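Below: one structure, written as structure tokens.
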């Protein structure tokens, strides 16, 4: 089966054909590190982590780049508000971001460049745009002249005039046209700044990703990803400045965008009281539960986040882990491409269909008599789930997780010890009573080889 992806640029599914099958390049817009990551920030990380895992099984070499934006006006404002230096703020926020994404089971990218480490590349790129007549300097600013790029608007699919009218762009006296966007802007003494031919200043947001992606992946690469909210102006502007600076027809062959995230039908907002950071959710749920809940909706579709999704995801994972708990398994390093999950994921990352294939494996497992066949099905379940970044925990540890237990682990172990003592004393009524008490609280016991194993029922 062919590997197809929905290309936002052509607005249709296309067979994926890498520029170089021996080395696939993937760039995803990363966080602006001024605050803890929220649920909306987590969705693209999970989506493109699945894509990264899939590509690594299909091609011999994949280079995944996800940037860190550590120079931005939001960072400046947060630094002042919290009374922290910009360095300390961005360092603290980056560490928290890494911890949150790791808790969600995401692999680190191959490269994670910080914008501040690539200022010379940005200055060089801006200089080239000026020399070629695509940009101009004015009052310490450098701006890209939008009307010099005739294909502007190709990604968003709207006429240039319509884009400019709805862009909410700053109408500044130094702009030749209202839609011209900033490549470089001056810095005041209290703002981060670097020396440049146009004076001390800092880069605009859009130029950062263009310069960093070109540095790590080349001037044209395979896949550029991000949230749907980045199509305009960020990705539209990236295309314009990259194609003009480097004289290429396209910046990336395929543009992938995940859908919006809402909470119970409303846009996530602190004022509505429905704003969740990843940290908030991790206090109540395992990272893997959150991950599965995010994957139950196709990445291109809007995702309406509800508490019920987490409950469903938790129940599903418990059921899957119970299958794995019967065996001692490790994930295969070389997965068979015949696994049904590959067909689902190769169809534009169809994760709901992929999850359905895991349910089918579990159902088949329960219908199969004990023996080698059940072991093979359990192996297929674990291997298949690894493509989604799921079932990565020890089954017994998972099934004994205390996050949703009425009793804590020490209380459970004490009652199990009391039951064991009662059985030794042949007080079977007491032993049965303790077993029932645990069952009433959602704890199921299994006596095996002289030991008692417990899990949530």
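Some points to look at:
- Given (1) buried (at least 19 other Cβ atoms within 10 Å of the Cβ); (2) touching a residue at least 40 places away in the same chain (Cβ under 8 Å); (3) assigned to a helix (DSSP H, G or I), index of the condition residue 357 fails: (2)
- Residue check for residue 387: within 24 Å of residue 4 (Cα to Cα), buried (at least 19 other Cβ atoms within 10 Å of the Cβ) and under 24 Å from the mean Cα position of the chain (by Cα): yes
- Residue match in the stretch 250-259 (condition: closer than 21 Å to residue 102 by Cα and either in contact with a strand residue (DSSP E or B) (Cβ under 8 Å, 6 or more places away or on another chain) or part of a helix (DSSP H, G or I) (or both)): yes
- Elements of type strands (runs of 3 or more DSSP E) contained in the stretch 180-240, each with 3 or more residues being touching a residue at least 40 places away in the same chain (Cβ under 8 Å) and under 30 Å from residue 299 (Cβ atoms): 221-227
- You will find that of 65, 47, the residue that is modelled with pLDDT of 95 or more, under 20 Å from the mean Cα position of the chain (by Cα), surrounded by 17 or more Cβ atoms within 10 Å (Cβ to Cβ) and outside any helix (DSSP H, G or I) is 65 and no other.
- Out of 42, 99, 37, sole residue that is under 16 Å from residue 290 (Cα atoms), free of Cβ contacts under 8 Å to residues at least 24 places away in the same chain and within 21 Å of the chain's Cα centre (by Cα): 99
- The residue that is modelled with the lowest pLDDT, counting only those in the stretch 390-406 that are under 24 Å from residue 451 (Cα atoms) and crowded, with 17+ Cβ neighbours inside 10 Å, is 401.
The values are calculated or read from the model by the stated rules, or taken from the named source; none is laboratory data. Here the structure is a predicted model, which means the values were calculated and not measured. Here Cβ is always computed from backbone atoms with ideal geometry, including for glycine, and neighbour counts include all displayed protein chains.
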